[in-house]
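Right, one structure below, let's go through it.
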Amino acid sequence: MTKQEALFEYLLRKADDSLILGHRLSEWCGHGPILEEDIAITNIALDLIGQATELYKYAAEVEDKGRDEDDLAFLRIEREYKNVLLVEQTNGDFGKTMIRQLFFDHFEHLLYEELMNSKDERIAAIATKTIKEIKYHIKHSSEWTIRLGDGTEESHNRVQKSVRDLSRFTKELFYQDEVDQILIAEGIIPDVSKFKVEYDKNIKAILDEATLELPNEKWQLDGGRKGVHSEHLGYLLTELQYMQRTYPGMKW
Amino acid sequence: MEKNKIDALNKAFQDKIDNEIKIEPKDYMPDAYRKTLIRQISQHAHSEIVGQLPEANWVTRAPNLRRKAVLLAKIQDEAGHGLYLYSAVETLGADREQTIDDLHEGIAKYSSIFNYPTLTWADMGTVGWLVDGAAIMNQVPLCRCSYGPYARAMVRVCKEESFHQRQGFEVVTQLAKGTPEQKAMAQDSLNRWWWPALMMFGPNDADSTHTAQSMEWKIKRHTNDELRQMFVDATVPQAELIGLTIPDKDLKFNEETGHYDFGEIDWDEFWQVVKGYGPCNEERVAARKKAKEDGLWVREAANAYAEKRAARNKKAS
């Protein structure tokens, strides 16, 4: 694998994370538990779609095969999407959406802090813009986790269940393979295994304050980075790709 | 209060209005003025909130990244407008949650246009172009409304609505100059939305119960028919520019008046949708009710947490 191939693959993975989660959040539009959350969730979805767009644009340039950001976002088959399993999980109730976000935001925060120092200037520039958004997202999901965990008995039980259901997707955030090894050696991306301890500590601090607990079993799933997904992704892509598949080659 | 005292207050109130001095929340205002504003502003807020739904219907199917982002931004703006408008209602002493319950019970109305379904991507263009276009015609004069908080909220709302109208027209333009399939999609969408858009201005002046009083109070600056004519005059040349046909065989430019003459609105359809029997009335209200019911546990948790926190802070201090 060349450095260029590794970079393309990495950008695709991160772009897919943002696109798929942004898409999931956009499903909340108009259905939030309070008006302020309709605004907040839509805003976060918008940030994520914006991040995905920047990453796909760069990926398309790195690949240099005449594809553009929309071709990458809309015209791959399911097995070619490389997002982590966490982001494709269904929204569930508002609490589940917040827990999914909590697990994701805390990882992104640590990652993008480091990506700002990437030797790849384009990635460093994207990270510098993105980190400002992530700082807002992490505050939002952390505060809601605490509020719901330490709110009523019902809210506690609901989010506790979501913590249990979603925690099996967190280790995959730290998945690394040859793609990562090549880019770490080049100083383009950080070695995320170095901040796993900090991630666990940060998540635990929020969950402690929320009076929530991580489950004891250490069962973890992965596969997303190799394009082996949960059954949920296919349906999401069916909607996402509807226009591009029905009207091939048209401009919108 | 004595009658002559009230008469004097009412006279001072109307003098202010006649002199274009804004009425502010703590100023004296007749009950009927307050009630009219609560009704109008809360209906306006509800329209923004319900109006998220027909667009949210396409956000997961937007054809490319840019359109997806723009649509999200537009829906977010609408939720934001709802928020300012509910705040403006609260300055009149009304309770936001009560006005929302009135919506869910069918007591309060919202703009009937949102009771039509969004069936194709072209509808995302047409809704921006016609629906936001018509809303701007209604709302620009509201920036000069006699009630200060409403007028000020409308200044910001109108800036954003004008962006929405432009992006809608851009979507439709892109389709109109696209493939035959895309152009047909745009024309079909215009055919479905044109008449409901004209209905957004309400009944003819002769049948409008609130217009005369609202004009005297300077809540309203133009009659329904005046606004509708302004909209037709502005929109017909835009359709011509991009090669789409307005679905009205009676539409014709009148050299004498300098305005477009246009056909009769189907008032039976208008009243039917207003009364709750349009294609999506049930679904729209049901979706909003469901959002409120599903979110109950979240709001209860937020309140319980806020109370616990306040109690802890009190203990600590």
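Which residue, of A:ILE20, A:ILE44, A:ILE49, is facing another protein chain (nearest Cβ under 9 Å) and either farther than 25 Å from A:GLU143 by Cβ or at pLDDT 95 or above (or both)?
After ruling out the rest, the residue left standing is A:ILE49.
Return the total of residues in segment B:163-189 being within 11 Å of chain A (Cβ to nearest Cβ) and of a type in the set (A, V, I, L, M).
The qualifying residues number 3.
Can you tell me which residue within segment A:78-99, out of those that are surrounded by 24 or more Cβ atoms within 10 Å (Cβ to Cβ) and over 13 Å from the mean Cα position of the chain (by Cα), is farthest from the other protein chains (Cβ to nearest Cβ)?
The qualifying residue farthest from the other protein chains (Cβ to nearest Cβ) is A:GLY95.
Given the criterion at pLDDT 95 or above, of a type in the set (Lys, Arg) and over 22 Å from A:ALA127 (Cα atoms), identify the matching residue among A:LYS65, A:LYS82.
A:LYS65
If I ask for residues that are within 14 Å of chain A (Cβ to nearest Cβ), within 30 Å of B:TYR28 (Cβ to Cβ) and under 14 Å from the mean Cα position of the chain (by Cα), which ones from segment B:76-109 would you list?
Once the filter is applied, which keeps residues that are within 14 Å of chain A (Cβ to nearest Cβ), within 30 Å of B:TYR28 (Cβ to Cβ) and under 14 Å from the mean Cα position of the chain (by Cα), segment B:76-109 yields B:HIS81, B:GLY82, B:LEU83, B:TYR84, B:LEU85, B:TYR86.
Of all residues in segment A:241-252 being more than 7 Å from every other protein chain (Cβ to nearest Cβ) and more than 15 Å from B:GLN174 (Cα to Cα), which is most open to solvent (accessible area, probe 1.4 Å)?
Here the residue is A:ARG245.
Identify all residues within segment B:100-123 that are open to solvent by less than 10 Å² (accessible area, probe 1.4 Å) and closer than 23 Å to A:ALA40 by Cβ; write none if there are none.
B:LEU103
Only one residue in B:ALA73, B:ALA45 is touching a Leu at 6+ places or on another chain (Cβ under 7 Å) and more than 8 Å from chain A (Cβ to nearest Cβ). Which one?
Among B:ALA73, B:ALA45, only B:ALA45 is touching a Leu at 6+ places or on another chain (Cβ under 7 Å) and more than 8 Å from chain A (Cβ to nearest Cβ).
How many residues does segment A:226-240 contain that are within 11 Å of another protein chain (Cβ to nearest Cβ), open to solvent by 60 Å² or more (accessible area, probe 1.4 Å) and farther than 23 Å from B:LEU175 by Cα?
Initial filter on segment A:226-240 (within 11 Å of another protein chain (Cβ to nearest Cβ)): A:235-240.
From the residues that got through so far, the ones that are open to solvent by 60 Å² or more (accessible area, probe 1.4 Å) too are A:235, A:238-239.
From what is left, the residues that are farther than 23 Å from B:LEU175 by Cα are A:235.
Matching residues across segment A:226-240 total 1.
Could you check segment B:115-176 for helices (runs of 4 or more DSSP H) lying wholly inside it with 2 or more residues that are out of contact with any Leu (no Cβ under 7 Å at 6 or more places or on another chain) and in contact (Cβ under 8 Å) with a residue 60 or more places away in the chain?
Once the helices (runs of 4 or more DSSP H) in segment B:115-176 are filtered for at least 2 residues that are out of contact with any Leu (no Cβ under 7 Å at 6 or more places or on another chain) and in contact (Cβ under 8 Å) with a residue 60 or more places away in the chain, what remains is B:133-139, B:148-176.
Do we find a residue being within 14 Å of chain B (Cβ to nearest Cβ) and crowded, with 21+ Cβ neighbours inside 10 Å anywhere in segment A:175-182?
No - not one qualifying residue is present in segment A:175-182.
Filter segment A:176-208 for residues that are touching a residue at least 24 places away in the same chain (Cβ under 8 Å) and among the small types (Gly, Ala, Ser) and give the result.
The one that is touching a residue at least 24 places away in the same chain (Cβ under 8 Å) and among the small types (Gly, Ala, Ser): A:GLY187.
So, restricting to helices (runs of 4 or more DSSP H) that lie completely within segment B:252-317, which ones have at least 3 residues that are more than 14 Å from every other protein chain (Cβ to nearest Cβ), farther than 25 Å from B:HIS46 by Cα and open to solvent by 60 Å² or more (accessible area, probe 1.4 Å)? Talk me through it step by step, then tell me what you get.
On the way: elements: B:267-274, B:281-294, B:296-316.
The qualifying helices (runs of 4 or more DSSP H) are B:296-316.
Exactly one condition in (1) open to solvent by 10 Å² or more (accessible area, probe 1.4 Å); (2) in contact with a Gly (Cβ under 8 Å, 6 or more places away or on another chain) is false for A:PHE8; which is it?
The number of the failed condition is (2).
Going through segment B:113-153 one residue at a time, which ones are closer than 19 Å to A:MET250 by Cβ and among the charged types (D, E, K, R)?
B:ASP123, the sole residue that qualifies.
State the number of residues belonging to segment A:34-50 that are open to solvent by 10 Å² or more (accessible area, probe 1.4 Å) and in contact with a Lys or Arg (Cβ under 8 Å, 6 or more places away or on another chain).
Number of matching residues: 1.
Considering only segment A:137-150, state which residues are within 14 Å of chain B (Cβ to nearest Cβ) and not β-branched (Val, Ile, Thr). Talk me through it step by step, then tell me what you get.
Let us first name the residues in segment A:137-150 that are within 14 Å of chain B (Cβ to nearest Cβ), namely A:140-150.
A:HIS140, A:SER141, A:SER142, A:GLU143, A:TRP144, A:ARG147, A:LEU148, A:GLY149, A:ASP150, listed by residue number.
Given the options A:VAL163, A:VAL197, name the one that is open to solvent by 10 Å² or more (accessible area, probe 1.4 Å) and more than 14 Å from chain B (Cβ to nearest Cβ).
The conditions single out A:VAL197.
The values are calculated or read from the model by the stated rules, or taken from the named source; none is laboratory data. All figures in this text were calculated on a predicted structure; none of them were measured in a lab. Positions of Cβ are backbone-derived with ideal geometry, glycine not excepted, and every protein chain shown enters the neighbour counts. Side chains are part of the model used for accessible areas, which takes the heavy atoms of the whole protein and leaves out ligands, DNA and RNA. Shrake-Rupley method; radii C 1.70, N 1.55, O 1.52, S 1.80 Å.
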